[in-house]
Structures are given as structure tokens and as C-alpha cells.
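The values are calculated or read from the model by the stated rules, or taken from the named source; none is laboratory data. Computed from a prediction, not measured in an experiment: that's the story for all the values here. Cβ atoms come from the backbone with ideal geometry, glycine included; neighbour counts cover every protein chain shown. For accessibility, only protein heavy atoms count, side chains too; no ligands or nucleic acids. Shrake-Rupley method; radii C 1.70, N 1.55, O 1.52, S 1.80 Å.
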Amino acid sequence: MYSQSPITKKSYEIPDEGAKDSIKKFLDHNAKNKVVVVQGLGFVGYAMALVVANAKTNYAVIGVDLPNEDSFWKVASINDGELPLTSSDKKLVDYSKNAQRRGNFYATHDEYAYQVADVIIIDINLDVEKSSSEQKRLNGYTVDLSSFTNSIARVIENCKQDALILLESTVPPGFCSKIILPLAEKIFLERGLRVENLKIAHSYERVMPGPDYIDSIENFYRVYSGTNEKSAKAAEKF
């Protein structure tokens, strides 16, 4: 199977095996850097990953997306030095080139990345299905949390017990405390890990594609919270 870039029209073969060795090789070249993994390489996750890779603090940044027809081309394009999107912000190109020079940004489909992360940023989309009248008035909406929650569960099943899990995706109020925290506690207990080591925080994304794409992430004030004080402090520090 192949995944085709809608931008370059280049097709990439979808791998049927992991990329653990490639991730280890990347980390060997960034041995002194803390590891930040971004789940989701869409217009939010990719830009966020670039900003972290260009931060004054030296991070090893790994972007993760799915090995399927719709998504794998983003992984392959990034590792080819190409942007997986179009933008009028010239900083996006500059930041991409600088990350290539630093050698501190790598994209993968392998969930092994979550096992080596110090910080994991969740930037996947939560779909909302809306129903509207002919006059474009909203009649109602439904939100299926199952697929979204399962994606986060894969992170928790693989992460280190002291990693910070930072949710940026737009979610309903109470999602972290009422759904993700109980899920994480259950998975940690099943893994034999200490629940008190969990660090889960939320800092909603501040991404505005356009001429100020990068600035919208770097220079806007941030709102953050944590499921406990330790989580909040870790989010503030990061």
C-alpha cells in the first residue's frame, strides 16, 4: 500500500514493520537532549513540533502519525525535508530548515517513540459531527470520543511513568479529569506502575495558520492546568 502527498504528489510505501532502530539512531545523535514526542502531524502538531525543535532549550523532537494511506505521507515528507502543508508564513520554512541543520526533528509511525519521551504532546483531532437546518442553524451535534480516547490510551500504554502527557487538542470540559485520568490510572496499575507518578496536563492549542503561523504558538499567552499540582508545575516549566 502507498500513501500519496497531496502537495508533491509523491507516493510513499507504507511500512509493515516498526522503526525502532531508526528512532534509536536519531536519539544517539541527540543523546544530551530531553525527548519531546508530538502525537499527530496535522496543521497543529507539525507546527508545534517545529517550534519545540527550534526552542532555545535543546530538545530531540519526534513526530508520530499513523501508517495508513491518509497519514503516512506526512511522516515520509518530513523526513525528506519537505513541509506536509502549505503556508504563507515564511518562518515555517526557516524553522524546518533549521531543524534539519540541528538534526533534532524526526518523524515516525512507530509507537516506540512514546517509550523514550520525557514529554508527550497530544495534537490529534477530535471530530464533532454537526447537524444543521437548511438555514444553516445548528440543530445538534454528536461527539464520538472512542477513537480519540483509544489514541491517547496507546500513549499511556507505552509512556515512561514520569513522562508529562500534555493535551493540546480541543476537548469537552472535564475530559482530562473524568476520562483520561481514570483511564491512565487503570492502565498504570495494569502495567505495575505507580499511579502517583502520573503527570497529565492540558494547554489548549494556540495555532492560527496564516502569515503569523509560528508566532501564534511562540508569542501568545498560554493557559494551562494539571490534574494535580505536580502536573501543573511540569506543564508550566515546559
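Observations, loosely collected:
- When the range 73-116 is described by a simple charge dipole with +1 on each Lys and Arg Cβ and -1 on each Asp and Glu Cβ, the residue from 85, 112, 98 located farthest towards its positive end is 98.
- Within the full protein context, the accessible area of residue 170 is estimated at about 100 Å² for a probe radius of 1.4 Å.
- Each Lys and Arg contributes +1 and each Asp and Glu -1, all at the Cβ; summed about the Cα centre of the range 185-235, the dipole is approximately 300 debye.
- Fully extended contour minus Cα-Cα distance, from residue 162 to residue 150, at 0.36 nm per residue: 2.3 nm
- Extended-chain gain in nm, criterion 0.36 nm per residue less alpha-carbon gap, residue 31 and residue 186: 52.6 nm
- The string of couplings for the range 202-219 from the Karplus curve (6.51, -1.76, 1.60, θ = phi - 60°) is 10, 9, 4, 5, 10, 9, 10, x, x, x, 10, 3, 5, 4, 5, 8, 6, 10 Hz, one whole number per residue in order, with x for Gly and Pro.
- Among residues other than residue 145 with Cβ under 13 Å from its Cβ, the summed charge is -2 (Lys and Arg +1, Asp and Glu -1).
- For the chain, the solvent-accessible area works out to 55 Å² per residue, with a probe of 1.4 Å and every protein chain left in place.
- Fully extending the segment from residue 133 to residue 22 would add 34.9 nm, taking 0.36 nm per residue of separation and subtracting the current Cα-Cα distance.
- Relative contact order (percent, whole number), the chain, Cα cutoff 8 Å, 6+ residue spacing: 18
- Square roots of five times the Cα gyration tensor eigenvalues for the range 95-140, Å: 40, 16, 8
- Shape category assigned to the chain from the gyration tensor of Cα positions, a/c cut at 1.5: rounded
- Take residue 17: with every protein chain present and a 1.4 Å probe, its accessible area is about 130 Å².
- Anisotropy class of the range 1-72 from Cα gyration tensor, a/c 1.5 cut: oblate
- If R0 is 30 Å, the Cβ-Cβ spacing of residue 222 and residue 177 corresponds to a FRET efficiency of close to 0.95.
- By definition, a body whose alpha carbon gyration tensor gives a ≥ b ≥ c is prolate when a/c is 1.5 or more and a/b is larger than b/c, and the range 1-136 fits this prolate description.
- Per-residue 3J(HN,Hα) values for the range 7-14, derived from phi via the Karplus relation 6.51 cos²θ - 1.76 cosθ + 1.60 with θ = phi - 60°, read 8, 9, 6, 7, 9, 10, 6, 7 Hz in sequence order (x marks Gly and Pro).
- The magnitude of the dipole of the range 19-64, with charges of +1 and -1 set on the Cβ of Lys/Arg and Asp/Glu and taken from the Cα centre, is near 140 debye.
- Charged-residue dipole, Cβ positions (Lys, Arg, Asp, Glu), the chain about Cα centre, Debye nearest 20: 760
- To the nearest 10, the accessible area of residue 238 is 70 Å² with a 1.4 Å probe.
- FRET efficiency, residue 93 to residue 70 (Cβ-Cβ, R0 22 Å, nearest 0.05): 0.35
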